[in-house]
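Report on the structure given below.
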Amino acid sequence: MIALKIAHNGQPVCTAGIGDLGVISSHVTWVHSLNYRTEPDGEPTERVDLTMHIGGLHTPLNEHRTWDTPEIEVGDTITVQVVETDDISPHAETRSGDQLRDEKKERDYVRRKASEFGWTIIEESSSSS
């Protein structure tokens with residue numbers, strides 16, 4: 001199968017593969033926002049994130065899979081090599097498409113109820129949300 005062999009500063013992170021049908025990806029994201037809001041009508045705050053994500057979708061089972069990633073910082077080197085292999089690293093998490101939809105509905109409900117009560121929700125930034 002096609003897989004992504006990923007290293008961080010020369011140290012192996014994982015070989016991520018999804019099988020014959022699906023999607024596999026890796027990306028590094030930097031975010032700096034002065035108007036980040038955890039709630040649609042909440043006060044804007046500053047958000048600074050530098051994160052790495054490795055994940056995929058196994059389409060026959062509608063499973064989203066993710067691999068653990070290290071914390072990264074300015075100056076790090078991330079390498080991604082496209083390989084053909086059946087020797088892939090175990091993924092850290094599997095979530096079905098139904099689970100993701102249900103979690104979004106629950107988050108939306110909690111935010112709506114908090115707003116009705118005049119509460120403020122403080123969310124920690126995360127690469128998995």
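Some points to look at:
- Residue selected from region 70-93 under the condition without any contact (Cβ under 8 Å) to a residue 60 or more places away in the chain and assigned to a loop (DSSP other than H, G, I, E, B), by the criterion nearest to Lys5 (Cα to Cα): Pro90
- When the test is whether a residue is loosely packed, with under 14 Cβ neighbours inside 10 Å and within 14 Å of the chain's Cα centre (by Cα), Thr51 does not pass it.
- Residues in region 17-70 that are among the basic types (Lys, Arg) and within 27 Å of Asp87 (Cβ to Cβ): Arg65 only.
- Answer residue from region 1-37, given it is buried (at least 16 other Cβ atoms within 10 Å of the Cβ) and assigned to a loop (DSSP other than H, G, I, E, B) and is nearest to the chain's Cα centre (by Cα) among those: Ile18
- Positions within region 45-57 being in contact with a Leu (Cβ under 8 Å, 6 or more places away or on another chain) and either within 14 Å of Leu4 (Cα to Cα) or modelled with pLDDT of 90 or more (or both), in sequence order: Ile54
- Residues satisfying the criterion are present in region 26-44 (criterion: among the small types (Gly, Ala, Ser), touching a residue at least 12 places away in the same chain (Cβ under 8 Å) and in contact with a strand residue (DSSP E or B) (Cβ under 9 Å, 6 or more places away or on another chain)).
The values are calculated or read from the model by the stated rules, or taken from the named source; none is laboratory data. Being a predicted model, the structure only gives us computed values, none of them experimental. No Cβ is skipped: glycine too gets one built from the backbone with ideal geometry, and neighbour counts run over all protein chains shown.
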